[in-house]
Amino acid sequence: MTYPWLRAPAAEVAVTARTLLGWTVSAHGVTVRLTEVEAYAGTGEDPASHAHRGPTPRNQVMFGPAGHVYVYFVFGMHWCANIVCGRDGEAAAVLLRAGEVVDGVGLARERRPRAADRDLARGPARLVTALGLGREANGTCAVDGSGPLRLAPPADPVDPARIVAGPRVGVAAAHDLPWRFWLVDEPSVSLYRRHSPRRRPASR
């Protein structure tokens, strides 16, 4: 199956992000329906993006091929997953922020035993944990069945009236850019927290 939006220009990453709402991601016996995503553009376009300053060993996956998974480690303790989109060489990715576990709830509970069902995949790190993903998914394909993560469209497209846009979460730059998208009235959508820079103690 081919998805035309995967080959859209990187500048259209926000459109792609909206498109992914309602899609499912599956891995290791768990399926999550996406209810919240965030868009990140590429070199010189988006100071909140890992690719803002160009390719590095860490972010190389963001530059293509489209449909691959970009996984990164954050805060020294959590993995987060993105779907790479756009044309080869033009970095763009959509962060999988939150979703509802629609299959494999028992496995998700084992991986997140202290979480209520609404919180099993409520947040990017929780979503990855519920799916049982880690570093091994980085650079694998999510659309051809060859990788551990499988991305699939919904039977019926999401009603555009249910989609809301707002500021991205926890980014230090371009935090007011409305590139976070979510579905209204979905309890699995994460809480909004604006980035608060750490204050250094005043010098004496």
Q) So how many residues does the stretch 45-70 have that are farther than 22 Å from Gly166 by Cα and outside any strand (DSSP E or B)? A) 15
Q: From Val102, Val71, grab the single residue that is under 21 Å from Arg168 (Cα atoms), at pLDDT 90 or above and β-branched (Val, Ile, Thr).
A: Val71
Q | Members of the stretch 153-165 that are surrounded by 14 or more Cβ atoms within 10 Å (Cβ to Cβ) and within 18 Å of Ala93 (Cα to Cα) | A | Ala165
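Conditions (1) out of contact with any Cys (no Cβ under 8 Å at 6 or more places or on another chain); (2) under 23 Å from Val13 (Cα atoms), marked per residue:
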{"position": "Gln60", "(1), (2)": "yes, yes"}
{"position": "Ala93", "(1), (2)": "no, yes"}
{"position": "Gly104", "(1), (2)": "yes, no"}
{"position": "Leu149", "(1), (2)": "yes, yes"}
{"position": "Pro153", "(1), (2)": "yes, yes"}
Q) What number of residues in the stretch 113-144 are under 19 Å from the mean Cα position of the chain (by Cα) and assigned to a loop (DSSP other than H, G, I, E, B)? A) 12
Q: Within the stretch 159-197, track down each residue that is at pLDDT 90 or above, closer than 20 Å to Asn82 by Cα and of a type in the set (A, V, I, L, M, F, W, C).
A: Ile163, Val164, Ala165, Trp179, Phe181, Trp182, Leu183, Val189
Q: Sort out which residues of the stretch 71-83 are hydrophobic (A, V, I, L, M, F, W, C) and either loosely packed, with under 15 Cβ neighbours inside 10 Å or in a loop (DSSP other than H, G, I, E, B) (or both), and write them in order of number.
A: Phe73, Val74, Phe75, Met77
Q: With the condition kept exactly as written, say whether any residue in the stretch 99-111 is in a loop (DSSP other than H, G, I, E, B) and surrounded by fewer than 23 Cβ atoms within 10 Å (Cβ to Cβ).
A: yes
Q: Considering each residue of the stretch 50-67, count those that are under 20 Å from Leu20 (Cα atoms), crowded, with 18+ Cβ neighbours inside 10 Å and out of contact with any helix residue (DSSP H, G or I) (no Cβ under 8 Å at 6 or more places or on another chain), and give that number.
A: 4
Q.
Checking the conditions here, which among Gly132, Gly123, Gly139 is crowded, with 17+ Cβ neighbours inside 10 Å and farther than 17 Å from Val74 by Cβ?
A. Gly132
Q. Assuming Arg33 fulfils every condition listed in (1) assigned to a strand (DSSP E or B); (2) modelled with pLDDT under 95; (3) surrounded by 18 or more Cβ atoms within 10 Å (Cβ to Cβ); (4) not hydroxyl-bearing (Ser, Thr, Tyr) apart from one, which condition is it?
A. (2)
Q: Go through the stretch 51-68 and count every residue that is within 18 Å of Cys80 (Cβ to Cβ), aliphatic (A, V, I, L, M) and modelled with pLDDT of 90 or more.
A: 2
Q | Selection count where residues are more than 20 Å from Arg109 (Cβ to Cβ) and in a loop (DSSP other than H, G, I, E, B), scope the stretch 14-30 | A | 3
**Q.** Residue identified as among the hydrophobic types (A, V, I, L, M, F, W, C) and touching a residue at least 40 places away in the same chain (Cβ under 8 Å) among Val143, Val84
**A.** Val143
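The values are calculated or read from the model by the stated rules, or taken from the named source; none is laboratory data. Remember, predicted model here, so these are calculated numbers, not experimental data. Using ideal geometry, Cβ is built from the backbone for each residue, glycine included, and neighbour counts are taken over all protein chains shown.
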